[in-house]
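One structure is given below, represented as structure tokens, and several questions about it will come after.
The values are calculated or read from the model by the stated rules, or taken from the named source; none is laboratory data. Keep in mind that this is a model prediction, so the values were computed, not measured. Methodologically, a virtual Cβ is constructed for each residue, glycine included, from the backbone with ideal geometry; neighbour enumeration extends over all protein chains shown. All accessible areas refer to the heavy atoms of the entire protein, side chains included, with ligands and DNA or RNA removed. Shrake-Rupley method; radii C 1.70, N 1.55, O 1.52, S 1.80 Å.
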Amino acid sequence: MKVMVGIPSYNNADTIGFVVKQAAEGLKKYFGGGIIANADGGSSDGTREVVMKTRVPEGVEVMSFVYKWPIPGKGSAMKELMELAKEKGVDVLVFVDSDLRSITPEWIYKFAKPVEDGYDFVAPLYIRHKYDGTITNNIAYPMTVSLYGYNVRQPIGGDFGISAKLIDVYLADEEVWKTDVARFGVDIFLTTTALAEGFRVVQTALGLKIHNPKDPAASLGPMFNQVVGTLFMLMKKYEEKWKPVKNIRDVEVFGEIQWKEPEEVKVTLELLKQKAKELFKENEAILKKALSEETFTQVTKALETFELDDVLWSHILFDGAVAYKRGILKNAEPLIPLYFAKTADFVEKTRELTTAEAEKIIQERAKVFLEEKDYLLEKW
């Protein structure tokens, strides 16, 4: 089986050497060799030099290039890595992030082996700190599960295994790569497309994810808008697929999860609350149009106490999706203050809990979203 590992990067000189080394050892040990390709966004810190200087075992080919797709972003890097994988005739493409500190050679096996066993899409299943991945926990996970009916825990995990057959589907529509899929929207696009198009999906047990996490209050940047906007865009595209879904199916796990408590991720609660209130004032007029009257009233009340339960939260996102479909929302940005408020609510409720206990709350959230799906269908 021919395996390629694709690593998108932008100014990751301090972490990427370790990722290349682990990936190379995995390719050699489990597949007798393979290709490592780095698609870079024009780093100024010597990222590509680090890649090319990393010593790898015989039988592993290493290449690095600056991607040409005009939209700067992770998705553009991944698009060109998929094109290269096609050109090279590989059977499976494994994507790994360039800032991973917890990757081991086994990760390559765990992403590639299920494809050899007949799966097309391998999603990561890692243990993450309760405050790492708040967009996943609050939005991408409950929305994906309730819409498409598959319990994929990390739909925007960043690391994936993909079959050659699925690569063809991803590259078939050139237009989609002119959207936020070329940026941070790429992960939710990969997962959603695999689910909606009926490919065989599996999760692979990876243990802890240690990377460079960010405090959601301090550094959200454009990621929220790109992920949520793409999720909403795909809802329009795949409405015939998600509308009839009424149940959640478990998704098989390759390997065993060994539970450990992850390293702490700091969240500035006061900053979350402050930003929620400030940004809500700025976006109040558009939110009044985007949300139903009842939801808007409840939101205004919730911002006084930061008690924002999952039923209300599902209605906010469902209203947001409908407003996006109708063109009332041009992008997902006005929802950011409510995301901050929801994150603050989660931090308040889980302060004393372990990550394993907080996980139960996140799993329940997905069920609530499914129970509230009629609300979405009615408005859609």
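Consider segment 217-267. How many of its residues are outside the structural domain of LYS110 (by the TED database) and among the hydroxyl-bearing types (Ser, Thr, Tyr)?
Final tally of qualifying residues: 0.
From the residues in segment 1-60 that are assigned to a helix (DSSP H, G or I), touching a strand residue (DSSP E or B) at 6+ places or on another chain (Cβ under 8 Å) and of a type in the set (Val, Ile, Thr), which one is farthest from ALA164 (Cα to Cα)?
Ranking the qualifying residues of segment 1-60, first place goes to THR47.
Given the criterion touching a helix residue (DSSP H, G or I) at 6+ places or on another chain (Cβ under 7 Å) and without any contact (Cβ under 8 Å) to a residue 60 or more places away in the chain, identify the matching residue among THR193, THR204. It would help to see each step written out before you state the result.
Working: THR204 fails: without any contact (Cβ under 8 Å) to a residue 60 or more places away in the chain.
Selected residue: THR193, the only one of THR193, THR204 that is touching a helix residue (DSSP H, G or I) at 6+ places or on another chain (Cβ under 7 Å) and without any contact (Cβ under 8 Å) to a residue 60 or more places away in the chain.
Determine whether VAL347 is part of a helix (DSSP H, G or I), buried (at least 16 other Cβ atoms within 10 Å of the Cβ) and either in contact with a helix residue (DSSP H, G or I) (Cβ under 6 Å, 6 or more places away or on another chain) or not aliphatic (A, V, I, L, M) (or both). Before you say what the answer is, go through the steps one by one.
On the way: part of a helix (DSSP H, G or I): yes; buried (at least 16 other Cβ atoms within 10 Å of the Cβ): yes; either in contact with a helix residue (DSSP H, G or I) (Cβ under 6 Å, 6 or more places away or on another chain) or not aliphatic (A, V, I, L, M) (or both): yes.
Taking the combined requirement at face value, the residue satisfies it.
Spot the failing condition for PRO72; the list is (1) out of contact with any Leu (no Cβ under 7 Å at 6 or more places or on another chain); (2) in contact (Cβ under 8 Å) with a residue 40 or more places away in the chain; (3) within 23 Å of ALA112 (Cα to Cα), and only one is missed.
Condition not satisfied by PRO72: (3).
Out of all the residues in segment 81-95, is one or more open to solvent by 20 Å² or more (accessible area, probe 1.4 Å) and β-branched (Val, Ile, Thr)?
no
Does segment 121-163 hold any residues that are within 20 Å of LEU317 (Cβ to Cβ) and among the polar types (S, T, N, Q), and which are they?
Selection gives THR134, THR136, ASN137, ASN138, THR144, SER146, ASN151, GLN154.
Ok, one more. What is the one condition in (1) open to solvent by less than 20 Å² (accessible area, probe 1.4 Å); (2) touching a residue at least 40 places away in the same chain (Cβ under 8 Å); (3) more than 21 Å from the chain's Cα centre (by Cα) that GLY17 does not satisfy?
GLY17 satisfies every listed condition except (2).
Are there any pairs with C-beta distances below 8 angstrom linking a residue in segment 300-328 that is within 13 Å of ALA276 (Cα to Cα) to a residue that is outside any helix (DSSP H, G or I), with the two at least 6 apart or on different chains, and if so which?
Partner pairs satisfying both residue conditions: ALA302/LEU308.
Ok, one more. Would you be able to say whether some residue in segment 226-248 is of a type outside the set (A, V, I, L, M) and at positive phi?
Keep residues of segment 226-248 that are of a type outside the set (A, V, I, L, M), which gives 226, 229-230, 232, 236-244, 246-247.
After this cut, where a residue has to be at positive phi as well, the list is none.
Within segment 226-248 (the criterion being of a type outside the set (A, V, I, L, M) and at positive phi), the answer is no, since none of the residues qualifies.
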